Amino acid sequence: MSIRNKIGICYKVLLGAAVLGTGVGLVLYTSESIETAGKAAAMCIEVILPSLFPFLVVSNLIIGLGFAEAVGRIASPVMRRLFNLNGSCASAFIMGIVGGYPVGARAAITSYERGLCTKTECERMLSFCNNSGPAFILGVVGAGVFANSSAGMLLYLAHVLASLSVGICFRFYKRHEPVARTRAVTYETQKPSRVFVDSVRSGLAGIGNISAFVIFFAVAINLLFTSGALGALARGIAALLTPFGVDSSSIERLLVGAIEMTSGLTSLKGAAESMNARLSMAAFMLGWAGVSVHCQVLSFLGDSGLSLVPYLTGKLLHAILSAVYMA
């Protein structure tokens, strides 16, 4: 049996165990799961819908109406020199920096679907264009978690700098493949009203995907806490890292953030660690984004044939660099 087959079998066994464990947990902790799902759904309505939906619609309009080509003409020299991308890819990066997760990824995939970039260019974009927005970092993390606007600004600067660094690193990904030519500014012949309606529908569908994953992973994390599995895993990892002075509570917070970013960041509020340690942990969580966000991106990929490996590698590098820059 080949190594790939063995890995495939192990993956299926672990996945089956996780699904079975989740099912058992939902039966044993039904009331807690329902309460958590209700709180997560309320958060989606109160926070995610108003903060992300407009950006999803606008990003679709920018690409659908042909404005991406206009931006591409201006940004083409910078995008080619820094990231080995054609200018039309600039709109995805801008929307990712401003709009937050997962607007950048959606814009990159839409650009590929509309033929504005090659498959390789889209995979390069996915490695660094899917970022947390300033509203979330400055408002929720800076003001809400750390009660310090300067901390939020530093986190955002470290986040953007790490994103740019990842983009420069990934300019060498399949570097011998040709870059698509930036299109001339030709606005879509499709009626603007039709583009607007399609953009709103697509944005609403995107919000549905995002909210579904947020609710599911909130329940999953609650089950891990309630069952004690997360605490046991954190203590096991902390035992291995004892020489480095890492305690189980810090590991537990990082594990939560690795699964669902917002829950991990919230756990840092009033934590016992020093301010420097908490800021570095927050930077890591923001850079990695969490499995919940990765599943949202995966839902957008569909049957596009795009590889998820550059995206995940880029997010891990983004997390490490963000923590280093923040430190």
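The values are calculated or read from the model by the stated rules, or taken from the named source; none is laboratory data. Keep in mind that what you see is a predicted model, and the values were worked out from it rather than measured. We place every Cβ from the backbone using ideal geometry, glycine too, and count neighbours over all the protein chains shown. For the accessible areas, the whole protein counts, side chains as well, though only heavy atoms, and no ligand, DNA or RNA atoms are used. Shrake-Rupley method; radii C 1.70, N 1.55, O 1.52, S 1.80 Å.
Among the candidates Ala135, Ala107, Ala162, the residue that is among the small types (Gly, Ala, Ser), farther than 15 Å from Phe300 by Cβ and buried (at least 17 other Cβ atoms within 10 Å of the Cβ) is uniquely Ala162. Pairing residues of the stretch 14-26 that are within 18 Å of Phe217 (Cβ to Cβ) with residues that are in a helix (DSSP H, G or I), at Cβ distances under 7 Å and at least 6 apart in sequence or on separate chains, gives Thr22/Ala220; Thr22/Leu223; Gly25/Leu223; Gly25/Ser227; Leu26/Ser33. Scan the stretch 147-167 and give yes if some residue there is touching a Ser or Thr at 6+ places or on another chain (Cβ under 7 Å), closer than 20 Å to Ile210 by Cβ, touching a residue at least 60 places away in the same chain (Cβ under 8 Å) and not polar (S, T, N, Q), otherwise no. The answer is yes, given that some residue of the stretch 147-167 is touching a Ser or Thr at 6+ places or on another chain (Cβ under 7 Å), closer than 20 Å to Ile210 by Cβ, touching a residue at least 60 places away in the same chain (Cβ under 8 Å) and not polar (S, T, N, Q). Close Cβ contacts (under 9 Å, 6 or more residues apart or on different chains) running from residues in the stretch 32-53 that are closer than 18 Å to Val98 by Cβ to residues that are open to solvent by 70 Å² or more (accessible area, probe 1.4 Å) comprise Ser51/Ala135; Phe53/Leu204. Scanning the stretch 291-308 for residues being open to solvent by 50 Å² or more (accessible area, probe 1.4 Å) and in contact with a helix residue (DSSP H, G or I) (Cβ under 6 Å, 6 or more places away or on another chain) gives a total of 1. Residues considered: Ala18, Ala70, Ala41. Of these, the only one that is at pLDDT 75 or above, open to solvent by 20 Å² or more (accessible area, probe 1.4 Å) and either touching a Gly at 6+ places or on another chain (Cβ under 8 Å) or of a type in the set (Gly, Ala, Ser) (or both) is Ala41. The selection criterion, being β-branched (Val, Ile, Thr), open to solvent by less than 50 Å² (accessible area, probe 1.4 Å) and either without any contact (Cβ under 8 Å) to a residue 60 or more places away in the chain or closer than 19 Å to Gly142 by Cβ (or both), does not hold for Ile237. Here Ala327 passes the criteria (1) under 12 Å from Asn130 (Cβ atoms); (2) of a type in the set (A, V, I, L, M); (3) open to solvent by 50 Å² or more (accessible area, probe 1.4 Å) except the one numbered (1). Lys174 passes every criterion in (1) within 25 Å of Pro50 (Cβ to Cβ); (2) open to solvent by 30 Å² or more (accessible area, probe 1.4 Å); (3) in a loop (DSSP other than H, G, I, E, B) apart from (1).
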